[in-house]
Amino acid sequence: MRRWAQRTHLAALLALAVAACARGEHVPVGGGIAVTDDVGRRVTLAAPARRIVSLLPSFTEILFAIGAGDRLVGRTTWCDYPPEALAVPSVGDGMPPSVEAVAARRPDLVVLYRSGPNVTAAEQLERLGIRTVLFDLNLLEQLGPAARRLGALTGHSRAADSLARVVDSLASLPPVPSTQSLAFLVWDNPPIVIGAGSYLDRLAALAGARNVFHDVGSPSAQVSIETIAARDPDFVAVLSDSASPEPPRYASRPEWRVVRAVRERRFVFLPGQLFGRPGPRAAEAIRDLRRRLEAAP
Amino acid sequence: MRYVLLAAAVLATLAAALLLGPANVPFGDLLASPIVWQLRLPRALLAFLVGGALGVSGVGLQALVRNPLADPFLLGLSGGAGLGAVVAIAFHLPGPWALPLAAFVGAVGAMALVYRLGLMGGAELDPRILLLGGVAVGAFAAAITTALVSLAEAAELRNAFLWLWGGFSGASWTTVLVMLVYAPLPLVVLVAAARPLDLLALGEEPAQYLGADVRRLKRLVYLSASLLTAAAVAVAGVIGFVGLIVPHVCRLLWGRLHHTLFPTAFLTGGVLLAAADTLARTVVAPRELPVGIVTALVGVPLFAFLLRRWTVS
């Protein structure tokens, strides 16, 4: 009787284990780690991740900032900061990720930006038994939560929490009274500008510059040259990776010279590595923008 | 009466394009303001010229292939233009005119290829071969475009597509000048072909018996209509729908004779596109809509209304 009970008990355990394996989940043992990602999935790890593939430059930068850079076994071609990141093997441009290239790095955790194609890629990776997390990272206030959870998943919670506190306090600062105005011009034909609901809009506000397209709700929007001229920004801010940027080609065209800031060549060039994505160096970016605006003619 | 209405529509559209806009220009400063002089006026004129060119090109091509579904972009031109634009960005061709020029070269290249296909085996631009060749060349160009986009790691390529979807954000006096210098020759060739095109509507053999040089006519019409469309692509990207609908609207209102069809299609196309562009840059201000969306939203109900009247009577 007892043996039978033992046997059924064992069988039940086995069944549970099989069921758990079939679902591709590791049962957390003792001090297991559990976080909820931004698609609402509960992600559990038995131990801090040791082999991580990061599929967004911001995640790569955060992982290095919290001291987990040595856990990275894969990155995208865009992950170029910090310089140590370049030593990590690239798995391609990550848009969308090559599931096979990612799996070939034999990661125990893949960190993805939440987007339609990435959700599909994450499902495919999970089916291969690889754990994934999907985080939003479009805004300053999303940096802290992402850093905290990456800290938990890598066992670097203390460093991650202190980083998160810094960016959270930045995110909760009231905007500095603005003395100057600017427009972020992403593309000239058709003209695409950055609106509110974006990282850059927030950085500008904290650097004391008013984004003249703050009333546009979406992160970016197509506008006409006439609208830019009517909003009359003091500066046109342009993302540029060049070391010695020159005024854009359109600056000399008569139709663009209707915009005062273009006519007077009041361009502010922002390095894409620092401004093109939300990252742990947000405070540095704000100071940098402030400095560039003060130094501008 | 219809001609008076058309003339009034031309004037009203151009006036609205100059008066309306997100910037507040006092009425008295209208002629002195750089906003009107450098932005609104060239943009209105360019939209009008491109609309006119697409309308005329559509009339010519629909007569040539004798198919009501023919659109100036059907014969591989949009695929070729897209390939040109993406090549310009992927290979960082220098100069402010690199992108439009490359799009023009791509469109003309696709056109030449379809033209060559149309002449194979003495086929003499058989409409069926032209349509099939156009679709095939367009698909081939689109495949190369997609391959380039997925292999070249340039985020800027997304913007090549934004440009290709068409619009007049880049309008300037230079682009107006380009159209003004370039468009008259193909326009004159098409208008001169009005009478033989009327004969062609009866069929190729009857047209031949009635004295039309069908071979020469088809080649001239094909080349002129395509070159007009290629110029439109270079200054404004691919704006669909105008070249498809305007010829039908004009046929419903003014009949099937090409000597009235060409001028009315030019003016109607101009009015439609200039009005659509004015709406595109004002209705959702400060944002702007792609003009192709507006042409479809305004044009389709109008077309449905005309079609209903025409089928009822």
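Residues in segment A:169-183: is at least one within 30 Å of B:Pro290 (Cβ to Cβ), of a type in the set (A, V, I, L, M) and not in a helix (DSSP H, G or I)? Outline the logic, then answer.
Applying the first criterion (within 30 Å of B:Pro290 (Cβ to Cβ)) to segment A:169-183 yields A:181-183.
If we keep only those that are of a type in the set (A, V, I, L, M) too, we end up with A:182-183.
Still in the list and also not in a helix (DSSP H, G or I): A:182-183.
Among the residues of segment A:169-183, at least one is within 30 Å of B:Pro290 (Cβ to Cβ), of a type in the set (A, V, I, L, M) and not in a helix (DSSP H, G or I), which makes the answer yes.
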message: Out of everything in segment A:215-247 that is within 18 Å of A:Gly276 (Cα to Cα) and in a loop (DSSP other than H, G, I, E, B), what residue ends up being nearest to the other protein chains (Cβ to nearest Cβ)?
response: A:Ser218
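For every residue, the table says whether it meets (1) within 14 Å of A:Arg51 (Cβ to Cβ); (2) of a type in the set (Ser, Thr, Tyr); (3) modelled with pLDDT of 95 or more; (4) surrounded by 15 or more Cβ atoms within 10 Å (Cβ to Cβ).
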position: A:Asp93; (1), (2), (3), (4): no, no, no, yes
position: A:Pro97; (1), (2), (3), (4): no, no, no, yes
position: A:Glu100; (1), (2), (3), (4): no, no, no, no
position: A:Leu109; (1), (2), (3), (4): yes, no, yes, yes
position: A:Leu112; (1), (2), (3), (4): no, no, yes, yes
position: A:Ala121; (1), (2), (3), (4): no, no, no, yes
position: A:Gly129; (1), (2), (3), (4): yes, no, no, no
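Kindly indicate whether A:Ser54 is out of contact with any His (no Cβ under 6 Å at 6 or more places or on another chain) and modelled with pLDDT of 95 or more. Walk me through how you get there before you give the answer.
On the way: out of contact with any His (no Cβ under 6 Å at 6 or more places or on another chain): yes; modelled with pLDDT of 95 or more: yes.
For A:Ser54, the condition - out of contact with any His (no Cβ under 6 Å at 6 or more places or on another chain) and modelled with pLDDT of 95 or more - is met.
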query: What number goes with the only condition from (1) away from chain A (no Cβ under 14 Å); (2) of a type in the set (Phe, Trp, Tyr); (3) surrounded by fewer than 17 Cβ atoms within 10 Å (Cβ to Cβ) that B:Tyr182 does not pass?
result: (3)
Which listed residue is in contact (Cβ under 8 Å) with a residue 60 or more places away in the chain and over 29 Å from the mean Cα position of the chain (by Cα), from A:Ala229, A:Ala251, A:Ala283, A:Ala261: A:Ala261
query: Does A:Leu274 fit the bill of being touching a helix residue (DSSP H, G or I) at 6+ places or on another chain (Cβ under 6 Å) and more than 9 Å from every other protein chain (Cβ to nearest Cβ)?
result: yes
Enumeration of residues in segment A:240-265 that are modelled with pLDDT of 90 or more, in contact with a Pro (Cβ under 7 Å, 6 or more places away or on another chain) and either surrounded by fewer than 20 Cβ atoms within 10 Å (Cβ to Cβ) or not assigned by TED's automatic domain parsing to the domain that holds A:Ala230 (or both): A:Arg265
query: If you check B:Ala102 against the conditions, is it part of a loop (DSSP other than H, G, I, E, B), aliphatic (A, V, I, L, M) and buried (at least 16 other Cβ atoms within 10 Å of the Cβ)?
result: no
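Restricting to segment A:256-284, name every residue that is among the small types (Gly, Ala, Ser) and in contact with a strand residue (DSSP E or B) (Cβ under 8 Å, 6 or more places away or on another chain). Explain how you work it out, then say what you get.
Quick first cut of segment A:256-284, residues among the small types (Gly, Ala, Ser) only: A:261, A:272, A:276, A:279, A:282-283.
Within segment A:256-284, A:Ala261, A:Gly272, A:Gly276 qualify.
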query: If we scan segment A:171-182, do we find a residue that is more than 9 Å from every other protein chain (Cβ to nearest Cβ) and at pLDDT 95 or above?
result: yes
statement: If you go through A:Gly195, A:Gly208, the only one that is touching a residue at least 12 places away in the same chain (Cβ under 8 Å), in contact with a Ser or Thr (Cβ under 6 Å, 6 or more places away or on another chain) and closer than 16 Å to A:Val268 by Cβ is A:Gly208
query: Any idea which of (1) assigned to a helix (DSSP H, G or I); (2) outside the structural domain of A:Ala65 (by TED's automatic domain parsing); (3) in contact with a helix residue (DSSP H, G or I) (Cβ under 6 Å, 6 or more places away or on another chain) is the one A:Leu200 doesn't satisfy?
result: (3)
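Going by the conditions given, is B:Ala141 crowded, with 18+ Cβ neighbours inside 10 Å, of a type in the set (A, V, I, L, M, F, W, C) and within 30 Å of B:Leu210 (Cα to Cα)? Steps first, please.
Working: crowded, with 18+ Cβ neighbours inside 10 Å: yes; of a type in the set (A, V, I, L, M, F, W, C): yes; within 30 Å of B:Leu210 (Cα to Cα): no.
No: the conditions fail for B:Ala141.
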task: Check off (1) closer than 19 Å to A:Ala229 by Cα; (2) away from every other protein chain (no Cβ under 14 Å); (3) crowded, with 20+ Cβ neighbours inside 10 Å for A:Val193 and give me the number that stays unchecked.
output: (2)
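Would you check which residues across segment B:58-82 are among the hydroxyl-bearing types (Ser, Thr, Tyr) and either at pLDDT 90 or above or out of contact with any helix residue (DSSP H, G or I) (no Cβ under 7 Å at 6 or more places or on another chain) (or both) and list them? Talk me through it step by step, then tell me what you get.
Going through segment B:58-82, the residues among the hydroxyl-bearing types (Ser, Thr, Tyr) turn out to be B:78.
Those that are among the hydroxyl-bearing types (Ser, Thr, Tyr) and either at pLDDT 90 or above or out of contact with any helix residue (DSSP H, G or I) (no Cβ under 7 Å at 6 or more places or on another chain) (or both): none in segment B:58-82.
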Failed item in (1) crowded, with 19+ Cβ neighbours inside 10 Å; (2) over 22 Å from A:Arg50 (Cβ atoms); (3) touching a Phe, Trp or Tyr at 6+ places or on another chain (Cβ under 7 Å), with A:Ala146 passing the rest: (2)
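The values are calculated or read from the model by the stated rules, or taken from the named source; none is laboratory data. Since we're looking at a predicted model, the values are computed, not measured. Glycine gets a Cβ as well: all are built from the backbone with ideal geometry, and neighbour counts include every protein chain shown.
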